[in-house]
Each structure stands twice: as C-alpha cells, then as structure tokens.
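For reference, the structure discussed in these notes is given below.
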C-alpha cells in the first residue's frame with residue numbers, strides 16, 4: 001500500500017507495524033502489518049507520480065502482487081462527489097509527466113477492467129458502498145490554475161490528486177495490478193476546515209474498505 005499522506009503509516013506503526021530492514025529502496029521505509037489477517041506492506045509519504053511509480057517499480061520487482069494507493073484528493077465536482085468519502089479512481093486525466101514514459105499520448109490511464117470488476121463484486125457482496133470517479137493527476141499543486149482546472153473538468157475530471165495517472169500508466173504498460181483510491185479531503189482551499197479528515201484522520205474508515213479489497 002502507498003500512503004502519500006502518511007496517516008495510515010503512522011497509525012499502523014503505533015499499532016506495532018514492523019519496519020523491514022531488507023527493503024531495497026533506501027530513501028523510503030517499508031512497514032509490514034497483519035491487520036488483514038495476512039501481512040501487508042505499507043510505504044508512507046510517497047507523494048507525486050514520479051516518486052510513487054519509482055517505489056511501485058521497486059515493490060513489484062521485490063514480489064508485490066497488488067498495489068493499493070490511497071491519496072487525499074481535492075474536490076472539483078461537488079455536485080457528484082461527497083467530502084470525506086472514498087472513491088475508486090477508474091480513470092485519470094493525464095496532467096503528469098510520468099505517464100508519458102509508459103503510455104502514448106492518446107492512451108488512457110485507467111484501472112484494469114478485470115481487477116475493477118473483481119473489486120466491485122467483492123464490495124457489493126460485503127455491502128460496502130464505495131463510489132467511482134475520474135481524477136486529474138497533476139505534478140504539483142501550484143499548477144492547479146483556473147484554466148488548467150477548467151481544461152481538466154472538460155475532460156471529465158471530478159477530483160484532483162498527484163499519483164494515479166502515473167501509477168495506472170505503469171500498471172498498464174507493465175501488466176501489474178494497481179488500485180488507486182481517492183479520499184476526498186478538501187475543496188482546494190475554498191473552505192475554512194479543508195483537510196479535515198475526521199476520526200483518526202480517516203484511517204479507520206479507509207482500513208474498513210481496504211480489508212475487503214485485499215481479500
């Protein structure tokens with residue numbers, strides 16, 4: 001699991017997650033927790049597509065079978081999304097540079113169809129409601145100018161984050177299983193309590209969904 005905000009990692013380390021000294025990517029720390037009844041690795045603070053994809057490459061080279069990224073996202077479409085809710089990112093509007101290294105310009109960065117179906121079947125059987133969305137991936141928050149936002153909206157974006165396009169492009173090109181989840185935590189600085197994530201920074205609700213995806 002990639003945890004760009006670091007909240008899940010801090011929560012699990014406080015609960016006894018173990019740092020793995022064998023992890024080869026020396027500029028990050030891999031922790032292992034058994035909260036799902038099996039070992040799951042987690043890396044915190046891998047922010048942005050370049051860093052997230054670098055770590056993803058290392059993880060799959062080390063034997064990872066499925067990678068889940070849970071990232072904070074800014075709301076672009078308040079008429080379609082709810083604040084402080086989780087959404088599986090099905091498609092990403094490519095505003096990053098990394099995805100261009102894996103896919104041609106006109107190719108779509110999206111979750112694999114078979115993997116997406118398996119996840120939704122599992123969630124429905126478990127009576128877990130998780131929506132889907134289209135995200136806009138940008139390299140840096142200061143590129144979220146008014147004109148860039150309008151262009152992303154025109155392409156169908158509903159929220160903005162910094163990793164999914166690169167991760168999905170990597171997954172498609174290298175035939176890997178990657179799931180990106182957007183946690184709608186803010187309205188891009190338009191409200192007084194932006195980035196208010198709720199109890200335990202939203203970790204409990206996130207883990208309650210992730211355990212079914214992992215299974």
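Tabulated values for the structure
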quantity	calculated
All positions within the stretch 37-55 that are at pLDDT 95 or above, surrounded by fewer than 19 Cβ atoms within 10 Å (Cβ to Cβ), touching a helix residue (DSSP H, G or I) at 6+ places or on another chain (Cβ under 9 Å) and over 12 Å from residue 3 (Cβ atoms)	50
Count - residues of the stretch 25-36 that are in contact with a strand residue (DSSP E or B) (Cβ under 9 Å, 6 or more places away or on another chain) and loosely packed, with under 14 Cβ neighbours inside 10 Å	1
Test: residue 77 is farther than 23 Å from residue 45 by Cβ, surrounded by fewer than 18 Cβ atoms within 10 Å (Cβ to Cβ) and touching a residue at least 60 places away in the same chain (Cβ under 8 Å)	yes
Residue in the stretch 126-133 that is more than 21 Å from residue 214 (Cα to Cα) and in contact with a strand residue (DSSP E or B) (Cβ under 9 Å, 6 or more places away or on another chain) present	no
Checklist (1) at pLDDT 95 or above; (2) closer than 26 Å to residue 133 by Cα applied to residue 85, failing item	(1)
Residues located in the stretch 44-77, provided they are in contact with a strand residue (DSSP E or B) (Cβ under 7 Å, 6 or more places away or on another chain) and over 24 Å from residue 110 (Cβ atoms)	44
The listed residue being closer than 25 Å to residue 54 by Cβ and either free of Cβ contacts under 8 Å to residues at least 60 places away in the same chain or out of contact with any strand residue (DSSP E or B) (no Cβ under 7 Å at 6 or more places or on another chain) (or both), out of 123, 104, 167	104
Residue 91 being under 27 Å from residue 8 (Cα atoms), in contact with a strand residue (DSSP E or B) (Cβ under 9 Å, 6 or more places away or on another chain) and assigned to a helix (DSSP H, G or I)	no
Filter pass, residue 177 being in contact with a helix residue (DSSP H, G or I) (Cβ under 8 Å, 6 or more places away or on another chain) and without any contact (Cβ under 8 Å) to a residue 40 or more places away in the chain	no
Residue 41 vs. criteria outside any helix (DSSP H, G or I), touching a strand residue (DSSP E or B) at 6+ places or on another chain (Cβ under 8 Å), touching a residue at least 24 places away in the same chain (Cβ under 8 Å) and over 18 Å from residue 183 (Cβ atoms)	yes
Search result, residues across the stretch 56-73 that are part of a strand (DSSP E or B) and either surrounded by 24 or more Cβ atoms within 10 Å (Cβ to Cβ) or modelled with pLDDT of 95 or more (or both)	67, 68, 69, 70, 71, 73
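The values are calculated or read from the model by the stated rules, or taken from the named source; none is laboratory data. Since this is a predicted model, take the numbers as computed values, not measurements. Here the Cβ is made from the backbone with ideal geometry for all residues, glycine too, and neighbour counts use every protein chain on show.
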